[in-house]
Amino acid sequence: MTVISIVIPVYNEEACLKELFTRLLNLQRPDGDKFEYIFVDDGSSDRSLQIIKELESERAEIRHISLSRNFGHETAITAGLDYACGDAVVIIDADLQDPPEVITELIRQWRQGNHIVYAQRTHRKGESLTKKIMSWLFYRFIRALSDVEIPVDTGDFRLIDRRVVEQFRRCREQNRFVRGIIAWTGFRQIAVPYERDERYAGSTKYGFTKLMRLALDAITGFSTFPLRIGLAMGMGVCLCSIIIVAIIIVQKLLLEIPIPGYAMIASGIFFLGGVQLLVLGLIGTYVGRLFRQCQNRPLYIVAEKSGSLPSFDKDNYNQTAPAAKHGATTE
């Protein structure tokens with residue numbers, strides 16, 4: 001029997017969880033697939049974890065992982081993938097903007113031999129024009145700068161084969177961009193178009209600041225293009241300086257034109273200072289990533305988890321038998 005793991009990162013989604021699980025239970029299973037549902041509570045401050053436990057007490061196929069604090073959406077997804085045991089794994093958010101009914105088509109495309117089946121948005125309901133424009137620019141900007149072919153208009157809602165999961169689990173960088181890492185594995189992939197719904201309840205957890213941080217992680221994690229921009233700007237400034245010096249020499253010595261230099265000097269200083277600060281900032285971003293990676297801290301800390309979940313060996317990147325005692329563990 002084929003087992004499909006459904007990983008659901010949760011952060012303060014108490015109003016959505018019961019409706020989400022009801023719709024997940026109603027999914028068609030033409031091939032008799034067995035589903036397991038792994039809810040990853042990412043340090044929620046509302047009743048999300050309590051509701052998950054109530055659902056778990058009623059259904060044997062539900063399991064939960066509770067992180068010790070809010071580690072972020074990308075890390076919560078990673079935790080779910082670390083513990084998922086299915087032949088294929090579906091990632092879906094808990095806010096019901098991504099319709100669970102699309103999962104049936106994701107599975108169908110997977111059975112046709114595709115290792116990565118990503119859901120691609122054709123329309124985004126309930127979002128402002130500004131948010132739509134920012135999202136459109138976000139995906140195309142990252143795709144243009146990245147060394148990896150990252151699909152546009154595609155979030156984390158997708159199905160990935162077991163082989164992809166195993167390779168994904170080997171990637172333990174601290175600043176994570178999950179959809180980029182999955183694309184980096186290079187397996188056969190295909191898109192499933194769908195219309196994204198309005199949020200069922202609550203408000204989005206991805207504000208402008210988080211989106212910018214995610215974009216920075218995506219760009220610096222999959223491209224050295226920003227550093228090359230700094231090099232190009234430095235060469236451009238040097239070239240401009242040489243041209244200006246040549247013009248001044250010609251005007252001063254050959255044409256005998258008096259040149260007041262205060263404005264030009266001041267402008268040059270400010271321009272050169274801005275370029276230097278920009279390049280230093282780019283270098284600092286990459287150095288900061290190296291610093292966090294060298295600290296070798298665990299990606300997340302599990303405060304508690306379902307006893308039926310296997311323990312995860314972060315050093316060997318594989319799963320072992322369920323531990324005899326289930327206390328607080330670090331992964």
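Counting Lys +1, Arg +1, Asp -1, Glu -1, what net charge surrounds Cys294 among other residues with beta carbon under 13 Å of its beta carbon? Don't skip to the end; give the middle numbers.
Numbers: positive: Arg172, Arg289, Arg292, Arg297; negative: Glu173.
Residues near Cys294 contribute +3 overall.
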Residue separation times 0.36 nm, minus the C-alpha to C-alpha distance between Phe141 and Arg228: what's the value?
29.7 nm
Descending packing, highest mean Cβ count within 10 Å first, for 235-245, 300-310, 79-89, 282-292 is 79-89, 300-310, 282-292, 235-245
³J(HN,Hα) computed for each position of the range 150-160 - Karplus, 6.51 cos²θ - 1.76 cosθ + 1.60, integer Hz, glycine/proline x
9, x, 7, 6, 9, x, 8, 5, 5, 10, 10
Counting Lys and Arg as +1 and Asp and Glu as -1, what is the net charge of the other residues whose Cβ lies under 9 Å from the Cβ of Gln174?
+4
Rounded to 0.05, the calculated FRET efficiency for the beta carbons of Glu198 and Ala303 at R₀ = 25 Å is 0.20
Estimated FRET transfer efficiency (Leu277, Val250; beta-carbon r; R0 41 Å; 0.05):
0.80
In the chain the DSSP beta bridges are antiparallel at a rate, in percent to nearest 5, of 40 percent
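Are there any helices in the chain, counted as whole DSSP H runs, that stretch 30 Å or more along their axis by Cα and score at least 0.0 on average by Kyte-Doolittle, and if so which? Could you put the intermediate results ahead of the total?
Working: long enough: 225-249 (36 Å, 2.34); 262-295 (48 Å, 1.16).
Those that pass (Cα extent of 30 Å or more, hydropathy at least 0.0) are 225-249, 262-295.
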Any idea how far the Cα center of the range 73-129 sits from the one of the range 1-68, in Å?
14 Å
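Scan the range 139-194 for GluC sites (Glu not before Pro) in coil per DSSP, keeping those whose Cβ has at most 16 other Cβ atoms within 10 Å, and list them by number.
On the way: sites: Glu149, Glu166, Glu173; in loops: Glu149, Glu173.
Here the sparse-neighbourhood loop sites are Glu149, Glu173.
Of Lys18/Lys132; Lys132/Lys210; Lys18/Lys53; Lys53/Lys210, which ones are farther than 20 Å apart at the Cα? Mind showing how you got there, number by number?
Working: Lys18/Lys132 28 Å; Lys132/Lys210 16 Å; Lys18/Lys53 11 Å; Lys53/Lys210 29 Å.
Pairs exceeding 20 Å: Lys18/Lys132; Lys53/Lys210.
Can you give the helix-only mean residue ellipticity at 222 nm for the chain, where every DSSP H stretch with n ≥ 4 adds -39500 (n - 2.57) and the sum goes over all residues, rounded to the nearest 500 deg cm²/dmol? If you can, show how the numbers build up before the last one.
On the way: 10 runs with 145 residues, N = 331.
Per the formula, -14000 deg cm²/dmol.
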Debye log10 I(q)/I(0) at q = 0.15 Å⁻¹ for the chain, Cα point scatterers:
-1.29
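Coordinate-derived values only; no laboratory data. Fair warning: this is a prediction, and the values are worked out from it, not measured in the lab. Note that each Cβ is placed from the backbone with ideal geometry, even for glycine, and that neighbours are counted across all protein chains shown.
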